Amino acid sequence: MNLSCTFRSLWPRYYIHHSSIPSLITRSSKTNLFIKRTITTKTNEKLAAHAFYDDKIITYANRPIRPVTLSQLVRFGQPPLTKASLRECAQYARTELPVRLARRVRAFQTLPFIVGTNPYIKEIYKLYYESFESLEPFSHDRTPNDDIEYSENLKDLVDRHADNIPTLARGFLECKQYMHAQDVAAFLDDMIHARIGIRLIAEQMIALVRQEQTGDTTDNSYIGIIDTQLNPAQLVKQCSDFVAELCEFNYGASPETIMDGHTDATFTYIPVHLEYILTELLKNAQRATVEFAKKRGLSQPPPIQITISHGQEDISIRIRDQGGGVAEDDLNQVFEYSYTTVAKASEDEDPSNIFTGIAEMAMQSGIGGPLAGLGFGLPLARMYARYFGGSFTLVSMNGYGCDVFLKLKHIDQSMAELEI
């Protein structure tokens with residue numbers, strides 16, 4: 001089998017199943033049947049190939065991306081929210097999202113055949129294809145009468161794609177022998193970066209429609225999904241409490257979290273992004289701390305210290321743990337996809353079961369949840385940090401613990417022209 005060819009004819013709905021053939025038929029009938037089956041098979045192959053390389057998908061995928069700047073995204077929901085600004089946001093989403101979804105479909109179609117037939121990867125391909133089919137009709141009708149229906153379709157997209165990342169992680173773990181690591185990383189970088197943009201556009205539209213429907217203006221700090229007065233210390237506490245519950249459930253203990261620094265600081269950011277990053281980093285810190293404490297025979301794990309600093313242009317968060325650090329050999333690989341220091345589960349176990357039910361319990365439903373054991377957590381956290389111009393640095397003291405430095409830019413005038 002040529003593993004370098006791209007996969008095609010994957011979907012069962014494109015195959016025509018022939019009825020079984022009676023065993024007692026004449027020689028003449030057999031000959032006629034063979035000719036008929038040969039012609040039918042070739043016709044079906046053409047139909048399957050056409051369905052896989054859908055002309056409509058190709059048409060949309062060939063259209064250029066129209067990036068939206070952060071200032072435009074804010075302007076769509078700038079209070080007071082008007083019907084005109086909501087209409088502008090809706091028209092942009094209606095025309096742009098099908099293009100971005102079609103490009104994701106085409107990206108899957110370029111994968112090697114054997115990778116594309118993996119059930120996990122095929123599942124996500126199908127999701128993107130069906131999402132395109134669902135949203136594409138709205139790009140033609142731009143009347144405001146169906147904005148609510150369109151918003152409901154976007155909610156369905158967000159919900160159905162909630163576990164894309166862990167599903168893709170499992171798929172690529174199973175197919176790692178069929179693709180070079182650099183090719184996998186390039187595909188995933190592009191896929192995840194595009195996914196963030198799609199979700200931002202969709203969720204901003206959903207939030208504005210909900211606000212327009214309810215007329216709720218009680219929380220004036222929000223412009224759609226953007227919080228202009230986000231308090232990182234408060235979010236750190238929420239994420240820490242959440243991860244501590246998971247840690248208690250799985251290990252019977254969890255380290256105390258001590259927070260200091262500029263705990264009253266606020267800045268403009270998208271809470272769900274910071275929520276994902278913090279949850280992933282705290283999960284790593286708490287897991288490592290509890291496991292290292294047990295290894296050393298300590299009755300209680302040492303605390304995790306979190307320091308917040310409010311600079312003129314950014315917010316810095318340092319997470320310091322005593323989880324034993326990262327070995328020198330591992331340090332250069334911790335940001336590679338599918339690389340993990342978590343002990344491998346047996347073949348009968350789910351590789352993410354270190355935090356049982358994490359997909360259901362994850363606060364940031366839709367981003368993918370912490371992925372203990374799949375090796376996607378740190379690469380994703382760094383990508384989310386960098387998306388709005390931030391940075392992520394890990395410093396290890398092997399045998400003692402780690403310091404993680406997270407710097408996040410204010411989403412304000414300095415970032416106004418950042419394109420999504």
### Message
Kindly evaluate Phe132 against the criterion of being of a type in the set (Phe, Trp, Tyr), open to solvent by less than 10 Å² (accessible area, probe 1.4 Å) and either at pLDDT below 95 or touching a helix residue (DSSP H, G or I) at 6+ places or on another chain (Cβ under 9 Å) (or both).
### Response
yes
### Query
When residues of segment 363-420 are filtered for being modelled with pLDDT under 90, touching a Gly at 6+ places or on another chain (Cβ under 7 Å) and open to solvent by 70 Å² or more (accessible area, probe 1.4 Å), how many remain?
0
### Summary
Out of (1) farther than 20 Å from Ser396 by Cα; (2) open to solvent by less than 30 Å² (accessible area, probe 1.4 Å), the one Pro302 does not meet is (1)
### Task
Of the numbered conditions (1) modelled with pLDDT of 90 or more; (2) over 30 Å from Glu96 (Cβ atoms); (3) of a type in the set (A, V, I, L, M); (4) under 25 Å from the mean Cα position of the chain (by Cα), Ile306 fails exactly one; give the number of that condition.
(4)
### Query
What single numbered condition from (1) more than 25 Å from the chain's Cα centre (by Cα); (2) β-branched (Val, Ile, Thr); (3) under 22 Å from Arg386 (Cβ atoms) fails to hold for Val236?
(1)
### Summary
Among helices (runs of 4 or more DSSP H) completely within segment 99-210, the ones holding 2 or more residues that are under 28 Å from Arg382 (Cα atoms) and among the charged types (D, E, K, R) are 119-135, 147-160, 164-174
### Message
Please go through segment 68-98 and give me each residue that is out of contact with any Leu (no Cβ under 7 Å at 6 or more places or on another chain), within 16 Å of Glu212 (Cα to Cα) and not in a helix (DSSP H, G or I), ordered by number.
### Response
Gln78, Pro79, Pro80, Thr82
### Query
Residues in segment 276-289: is at least one open to solvent by 10 Å² or more (accessible area, probe 1.4 Å), touching a His at 6+ places or on another chain (Cβ under 8 Å), modelled with pLDDT of 90 or more and closer than 22 Å to Met397 by Cβ?
no
### Which listed residue is surrounded by 14 or more Cβ atoms within 10 Å (Cβ to Cβ), modelled with pLDDT under 85, farther than 30 Å from Gln182 by Cβ and out of contact with any strand residue (DSSP E or B) (no Cβ under 6 Å at 6 or more places or on another chain), from Ser85, Ser71
Ser71
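The values are calculated or read from the model by the stated rules, or taken from the named source; none is laboratory data. The model shown is predicted, which means the values in this text are computed figures rather than measured ones. Note that each Cβ is placed from the backbone with ideal geometry, even for glycine, and that neighbours are counted across all protein chains shown. The protein model used for the area step is the full one, side chains on, heavy atoms only, and it has no ligands, DNA or RNA in it. Shrake-Rupley method; radii C 1.70, N 1.55, O 1.52, S 1.80 Å.
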